[in-house]
Amino acid sequence: MPRAILFLLVCFSLVAADAVADNWPAWRGPTNNGIAVGKNIPTEWMNQKENIAWRLELPGPSGATPAIWEDRIYLSSAEGDDLVLMCVSTAGKELWKKVVTTGNKLARAGEGNSASPSPSTDGKHVWCFFGNGILCCYDRDGNEVWKLDVQDRYGKIDIQFGMTMTPVLFGDHLYLQLIHGTWGGPYTVGKVIKLNKKDGSEVWAVERETGADDECKHSYASPILYDDGTTKFLVTHGANHTIGYNLEDGSERWRISGLNGPSEFNKNKYDNTFRLVASPGVAPGTIIIPTCKKGPVFAFKVNDALSGLIEGPNGAYRWTFRSTPDVPCPLIKDGLVYLFMSDGKFACVDLETGEEVYFERNHNSQSRSSPLYVDGHIYLAAKDGTVMVIKAGRKYEVVAENSMNGEGITASPIVANDVLYIRSAAALYAIKSPK
């Protein structure tokens, strides 16, 4: 290949990578780990109103995180019985709103609904899954490209608090995990699926057998893509197991058992209400596995020992930490693991050793959203609308505390193109430093 052409290809690849990094294309961000690229992001805004660029009322509440590409923001929402997908400009103006399906159902006294899964975008199209089983694709102008019902294709959804899984968008494909079943009955669904993003056609679907029973069948977690630049695989979480799959053919790479009940990892009693909600956290060379019900957190290396059935500590196992987030995902940055507990506590753990660095009370509300790292700070949003900003590092230091005027938050805060976006139960806020 001529050097000039090779140089142009390298330059194009770098520009494309920068474009993705500046956007927030999916639930956990451009690198699937809650880490954003950004500078001069405000840490205070309710006491410094000039930092609030705009506030847009939304059609209804949702825990779904927006997806952002350049000048367009995509959000899913409930609007009465309707489940809608909408597009907003980065100037805070609604561009379009489409009713994708109907049949919204509330969960946990209104804490969740059928619009809980988050949309994903590649800049040209947006994909969104809803808790009633409808998966759709629209173009950037709001035209429907395709729509399918996963219940028709893969079986009726039976899960206590609604299906909250967000598909992984990677390359030309969508990856789904469907893990649910009848509590106290034989009906069980465990499937991992790869679809063509262009038309929704199936590339492969594999059974995910675990032997889980009762509420253990129910997973509210989402699959996560592990990608360290060389090794890529899909991480699925639910039904007492964390399992890795090859992207090409859906074959199983490894399976970690013993998350629930007495094992070499976990000395707790078996719990038939052990439903996994928080998704694993990933970083190059590492997977952090949360559990639930005041259980532990497990850390594993991505190496040759991460293979086959793993039922106890081996060459891939790093450590076990005593306390898990029940809903928020782990965050891994600069050799530290941050765990945002559902009761408002915040822990920092050394990645190499598993030793506790600190464990502090962050706020007095419940936590449903996952932490965001940007520019040396960690943003933590609470269910009561409190947003704490913590300095990243080995010392617990509160930088700022913000209250969203009583508007609760279950969606995760995000940053795109140097703007902080916070979705409350009522509105979407754009927060940025004034020029």
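The values are calculated or read from the model by the stated rules, or taken from the named source; none is laboratory data. Here the structure is a predicted model, which is why all the values come from computation and not from measurement. Glycine gets a Cβ as well: all are built from the backbone with ideal geometry, and neighbour counts include every protein chain shown.
Annotations
- Of all residues in the stretch 403-428, those that are buried (at least 22 other Cβ atoms within 10 Å of the Cβ), farther than 19 Å from MET341 by Cβ and of a type outside the set (Val, Ile, Thr) total 5.
- Being in contact with a Gly (Cβ under 8 Å, 6 or more places away or on another chain), at pLDDT below 95 and small (Gly, Ala, Ser) is a property that GLY295 lacks.
- Listed conditions (1) on the phi > 0 side of the Ramachandran plot; (2) crowded, with 20+ Cβ neighbours inside 10 Å; (3) of a type outside the set (Ser, Thr, Tyr) are all met by ASP214, apart from (2).
- Taken residue by residue, the stretch 150-160 has no member that is in a strand (DSSP E or B) and either over 20 Å from PRO117 (Cα atoms) or touching an Asp or Glu at 6+ places or on another chain (Cβ under 7 Å) (or both).
- Filtering the stretch 161-178 to residues that are within 17 Å of LEU276 (Cβ to Cβ) and in a strand (DSSP E or B) leaves VAL168, LEU176, GLN177, LEU178.
- Subset of the stretch 248-299 that is among the hydrophobic types (A, V, I, L, M, F, W, C) and over 19 Å from the mean Cα position of the chain (by Cα) - its residue that is nearest to ILE193 (Cα to Cα): TRP254
- Listed by position, the strands (runs of 3 or more DSSP E) contained in the stretch 27-139 that have at least 3 residues being in contact (Cβ under 8 Å) with a residue 60 or more places away in the chain and farther than 30 Å from GLY171 by Cα are 52-57.
- Note on the stretch 166-187: residues that are crowded, with 19+ Cβ neighbours inside 10 Å and either of a type outside the set (A, V, I, L, M, F, W, C) or in contact with a Gly (Cβ under 9 Å, 6 or more places away or on another chain) (or both) total 9.
- Qualifying positions in the stretch 335-346 - over 14 Å from SER365 (Cβ atoms) and either at pLDDT below 95 or over 20 Å from the mean Cα position of the chain (by Cα) (or both): GLY335
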